[in-house]
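A.B. asks: Here you go, one structure.
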Amino acid sequence: QVQLVESGGGLVQPGGSLRLSCAASGMIFRAYAMGWYRQAPGKQRELVATMYNSGITNYADSVKGRFTISRDNAKNTVYLQMNSLKPEDTAVYYCNAWRSHEDYWGQGTQVTVSS
């Protein structure tokens with residue numbers, strides 16, 4: 001079955017950087033659009049960034065210029081490079097894969113931005 005496993009979360013100071021990874025298995029990775037979402041305590045899950053299998057990307061306004069999504073189809077992995085992190089970026093970050101009527105989610109990885 002499809003599995004998405006996130007890693008790379010942790011505690012970082014404001015202004016710091018983290019790189020999240022999401023390793024996919026049980027699927028033809030290159031056929032899926034991939035995305036990163038996040039959910040802060042007491043808030044709804046929100047889109048952070050998406051990357052279609054064409055390479056086209058889309059970012060939330062709040063992360064444009066700071067975050068970069070990328071994918072390595074040979075490694076079945078999608079990444080989220082996060083720079084200039086702010087306390088308001090604190091959330092659980094989720095990996096998402098979708099196409100047609102299929103939609104899969106990882107278990108999430110915690111990112112905490114605090115001094």
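A.B. asks: In debye to the nearest 20, how big a dipole does the chain give about its Cα centre with +1 on each Lys and Arg Cβ and -1 on each Asp and Glu Cβ?
C.D. replies: In total the dipole reaches around 160 debye.
A.B. asks: Here is a follow-up. Gln110 versus Ile28, label points 7 Å from Cα toward the beta carbon: distance in nm?
C.D. replies: Placing both labels 7 Å along Cα→Cβ, they lie 3.9 nm apart.
A.B. asks: In the neighborhood of Gln1, defined by Cβ-to-Cβ distances under 14 Å, what is the net charge if each Lys or Arg adds +1 and each Asp or Glu adds -1?
C.D. replies: Here the count lands on -2.
A.B. asks: Further question on the same structure: Would you mind getting the accessible area per residue of the chain, heavy atoms of the protein chains only, 1.4 Å probe, in Å²?
C.D. replies: On a per-residue basis, the chain sits at 53 Å².
A.B. asks: For the chain, take every pair of Cα atoms, bin their distances at 10 Å starting from 0, and report each bin as a whole percent.
C.D. replies: Cα pair-distance distribution for the chain, in percent: 15, 50, 29, 6, 0.
A.B. asks: Given Cα pairs under 8 Å that are at least 6 residues apart, what percent is the relative contact order of the stretch 44-115?
C.D. replies: Contact order relative to length: 20 percent.
A.B. asks: Just tell me the longest site-free run in the chain, where the sites are trypsin sites (Lys or Arg not before Pro) in a DSSP loop having at most 14 other beta-carbon atoms within 10 Å.
C.D. replies: Between the exposed loop sites, the longest stretch runs 1-42.
A.B. asks: Normalised by the residues of the stretch 2-65, what does the relative contact order come to in percent, with Cα pairs under 8 Å and at least six apart?
C.D. replies: Reported as a whole number, the value is 22 percent.
A.B. asks: Defining a contact as two alpha carbons under 8 Å apart and six or more residues distant in sequence, what relative contact order in percent does the stretch 75-115 show?
C.D. replies: 41
A.B. asks: Follow-up. State the answer as a single residue: which of Gly55, Tyr32, Thr109 lies farthest towards the positive end of the charge dipole of the stretch 21-115, with beta carbon charges of +1 for Lys and Arg and -1 for Asp and Glu, about the Cα centre.
C.D. replies: The Cα lying farthest towards the positive end belongs to Gly55.
A.B. asks: OK, next. Roughly how many nanometres apart are two label points built 7 Å out from the Cα toward the Cβ at Arg19 and Ala40?
C.D. replies: 2.6
A.B. asks: Tally up the carbon and sulfur contribution to the accessible surface of the chain as a whole percent, 1.4 Å probe, everything protein left in place.
C.D. replies: That share works out to 46 percent.
A.B. asks: Do me a favour and compute the ellipsoid semi-axes for the stretch 1-63 from its Cα gyration tensor, root of five times each eigenvalue, largest one first, whole Å.
C.D. replies: They are 23, 15, 13 Å, listed from largest to smallest.
The values are calculated or read from the model by the stated rules, or taken from the named source; none is laboratory data. What you see is a predicted model; the values in this text were computed from it and never measured. No Cβ is skipped: glycine too gets one built from the backbone with ideal geometry, and neighbour counts run over all protein chains shown. Side chains are part of the model used for accessible areas, which takes the heavy atoms of the whole protein and leaves out ligands, DNA and RNA. Shrake-Rupley method; radii C 1.70, N 1.55, O 1.52, S 1.80 Å.
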